[in-house]
Amino acid sequence: MNIVLPSLGDIEEVEVTEICVAVGDAVGADDPIIVIESDKASMEVPAGGVGTIVELNIALGDQLGEGAVIGRLEVQGTQSTDAPAAAAQPAEQTSDSVDAREAVQTSASGEESQPNGGEQVAQIWVPDLGDIEQVEVIEVAATAGSRVAPGDLLVVLESDKASMEIPAEVSGVLLEINVAVGDQVTTGSLLATATIAAPRHREPAHDQPSPGSSIDADSPTQKTEAAAAAPLQVPVSMSQPTSASDKPSATQKSRQVYAGPATRRLAREIGVPLEQVEGSGNRGRVTKDDVKAWAKARLQQPATSAAQGATGIPAIPAVDFAKFGEIEEQPLSRIQKQVAVNMQRSWLNIPHVTQHADADIEELEAFRQSIKAESQSRGIKLSPLPFIIKAVCHTLAAHPKLNGSLSASGESLVLKRYTNIGIAVDTPEGLVVPVIRGADQLGVWALAERAQELAEKARSKKLALDDLSGGTFTISSLGAIGGTGFTPIINAPEVAILGVGKSVVQPIWQGDAFAPRLQLPLSLSYDHRVINGVDGGNFMATMTALLADIRRLTL
Ligand code: CAO
């Protein structure tokens, strides 16, 4: 059967703004085939029968008149005929129906056209819904106390066939919003109450309502009856499309969304905030494709900047710091920006737990001091760090989970049979983490040499990509600076990182007396998805035991 454009009432032509199906699509009777739009309203034209679309005769932007053949539907189980589609429901956009949404009731005793000099209260009702009994409130776009102007969106209603945007028709302040999202409302339900800033003057023609017009109905009941006398056969979107000449204000723009019911439904189903979607359709109309493209872009988008909100977390609001005093803006280096992204990604994706322990390095320090002359003659700077790296390699061998990575699927822990230790190095350009490959195969002298070499390369920007990749565990040492403990952020996809603080002499109980002992603060952050507290505790116990007695590193 032919799918025919239904009656348009007094509208001569409408524009095709969305094509919802393709040839070959199986459709149900209520499935929208196209969305059409006049300068007053938009509506979906349903298939009108169950079957398969075998022909489409329209293109986006086509101007159609009543009776135009949109396409052909091969009705399931019947022969195709040329009879007009009974279920292709006509859109009779009568002037009454348009006026219906303008219905406001004033509490002033006189006509609205008679200024009384005082404040008037306007009530805003659900307009004539035709043969639709109930619609759902799917969006409440205004709040009590806010100022509205004609055209500002108040609420969006939706039946299973169409959505209706109900705009304010008056300038004023909203006293009360009488509905909430999810409410079922019907023709004549009270939506909102507003004080009108200035009485509205009607055109004389409007003051002489035609029989059945709801425009002068002065009670919800009367209005409902009046509206029922001029029914619409198909509910249409009552929203006023944004035209080029009708530029919304900034706030209005952020609230008003111009989209059909199917698009709104899709957006709701997949959780897309329609007000954030840029409409590519006619007059900025948001189409289903826009919604899908927005969702797809969001899914593919890495956290590209530190300022950006991630995982649905609202972004930190921008502040004009210059308002409070003099400022200087320093652009971030490429490395700093990348570090910001990596840190945020790790912090937001990984449940971090940080465990603290002090290692007694009294003997280690005595040994280090004892070989200082030798280190100088070798030209190697022997800080506590290479001993810590050595101890970490031993500890990882005993607790290999901490040398692993959670697989991308999250289904397994990848254990690595190699130990590559990343060392966080502070440079003027930002933090970099060069990697000592095969650290477990190196002695303390070699580790010291390698760490020194990589730190110098990092500071002189000479690191190769190879120097920065393949790490299995990271050490971040602030020992030269100070601090007793901190929460290092895991260098994902590694599962743990060791923070090193500054060693200090502390009184340690020796069983019979306190003795001054050099204590090295260690902070282990681990990924609690794969590393348990027991694993972290065991790691720290092994680590502190090794540092307390470095002879164990030879075992
Ligand atoms: N406790 C006490 N003193 C320490 C110490 C510790 N834990 N660690 C180092 N020191 C001492 C050293 O012994 C050295 O003193 P001496 O010359 O008297 O021996 C002095 O501090 C300076 O050490 P260093 O910084 O030159 O050498 P290092 O091996 O300890 O560190 C490196 C090398 C590359 C880690 C370091 O230069 C660096 O960049 N640290 C910053 C890392 C960082 O930014 N981490 C934060 C990441 S998260 O934001």
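Of note:
- Ala397 being over 16 Å from Asn532 (Cα atoms), away from the ligand (no atom under 16 Å from the Cβ), modelled with pLDDT of 95 or more and of a type in the set (Gly, Ala, Ser): yes
- Of all residues in the range 357-377, those that are free of Cβ contacts under 8 Å to residues at least 40 places away in the same chain have Cβ atoms under 9 Å from Cβ atoms of residues that are among the small types (Gly, Ala, Ser), 6 or more apart or on another chain, in Arg368/Ser375; Arg368/Ser383.
- Residues of the range 458-479 classified as within 11 Å of the ligand (Cβ to nearest atom) and in a helix (DSSP H, G or I), total: 2
- Any hit, the range 480-488, residues being of a type outside the set (Val, Ile, Thr), away from the ligand (no atom under 11 Å from the Cβ), under 39 Å from the mean Cα position of the chain (by Cα) and assigned by TED's automatic domain parsing to the domain that holds Glu374: yes
Table: residues versus (1) closer than 17 Å to Ile335 by Cα; (2) at pLDDT below 95; (3) aliphatic (A, V, I, L, M); (4) touching a Pro at 6+ places or on another chain (Cβ under 6 Å).
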| position | (1), (2), (3), (4) |
| --- | --- |
| Arg437 | no, no, no, no |
| Ser460 | yes, yes, no, no |
| Thr484 | no, yes, no, yes |
| Ile489 | yes, no, yes, no |
| Ala496 | no, no, yes, no |
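- Picking from residues in the range 443-457 that are touching a residue at least 40 places away in the same chain (Cβ under 8 Å) and more than 8 Å from the ligand (Cβ to nearest atom), the one that is surrounded by the fewest Cβ atoms within 10 Å (Cβ to Cβ) is Gly443.
- Test: residue in the range 308-326 that is of a type outside the set (Val, Ile, Thr), touching a residue at least 12 places away in the same chain (Cβ under 8 Å), outside the structural domain of Ile436 (by TED's automatic domain parsing) and surrounded by 14 or more Cβ atoms within 10 Å (Cβ to Cβ): yes
- Residue within the range 419-438 that is near the ligand (Cβ under 10 Å from one of its atoms), of a type in the set (Val, Ile, Thr) and surrounded by fewer than 19 Cβ atoms within 10 Å (Cβ to Cβ) present: yes
- Looking only at residues in the range 364-394 that are more than 15 Å from the ligand (Cβ to nearest atom) and of a type outside the set (Gly, Ala, Ser), the one that is nearest to Ser476 (Cα to Cα) is Cys393.
Residues are listed down the side, and each one gets a yes or a no for (1) under 38 Å from the mean Cα position of the chain (by Cα); (2) β-branched (Val, Ile, Thr):
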| position | (1), (2) |
| --- | --- |
| Leu382 | no, no |
| Leu385 | no, no |
| Thr395 | no, yes |
| His399 | no, no |
| Leu415 | yes, no |
| Asn420 | yes, no |
| Gly430 | yes, no |
| Val433 | yes, yes |
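- Within the range 485-512, the set of residues being part of a loop (DSSP other than H, G, I, E, B) and among the polar types (S, T, N, Q) comprises Thr487, Asn491, Ser503, Gln510.
The values are calculated or read from the model by the stated rules, or taken from the named source; none is laboratory data. This is a predicted model, so every value here is computed, not measured. Neighbour counts run over all protein chains shown; Cβ positions are idealised from the backbone, glycine included.
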